[in-house]
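What follows is a short report on a single structure.
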Amino acid sequence: MSFSGPQSTRSSGLPARQAKSPSVPRDRPRGSPVDTSTDWDRVALFAGGLIVGALLGGSAALLTAPRSGRDTRARLRRKSQMAALRGHDAWDDLAETLRRARRKLQRRRAEARRRHEVRVNAELDAELSGAS
């Protein structure tokens, strides 16, 4: 016997699914967390740990680098400048792709309007010729 009462078992040995009783009140909806408030002390501790870990990792990387500090800094500067240029190129490419897509959409929308107008005019002409 458990807290929820006696459990019947199937022939497989697994507990049988019990019928849900509407008379049994629930304190909270199934699957919802008990406390939804943010524990800012834990968030601050986690963020502090991330910062300390990043500082320690960066320090260890600089200490174990195969080049001198000046060479390492120059290399990092060059690589960051190249990454920035690649990032600008990617943004430029994205902007051009979006401009092309917008122009294509505008052309398709204008063509759809023209087809719609032709169809409506044809229907009106058919109604007018059928009415006379």
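A short reminder: the numbers here are calculations on the coordinates, not readings from a lab. Here the structure is a predicted model, which is why all the values come from computation and not from measurement. FYI the Cβ positions are ideal-geometry reconstructions off the backbone, even for glycines, and counts take in every protein chain you see.
For this structure, a couple of remarks:
- Test: residue in the range 55-77 that is of a type in the set (Val, Ile, Thr) and loosely packed, with under 10 Cβ neighbours inside 10 Å: yes
- Of all residues in the range 34-86, those satisfying the criterion of being among the hydroxyl-bearing types (Ser, Thr, Tyr) and in a helix (DSSP H, G or I) are SER59, THR72, SER80.
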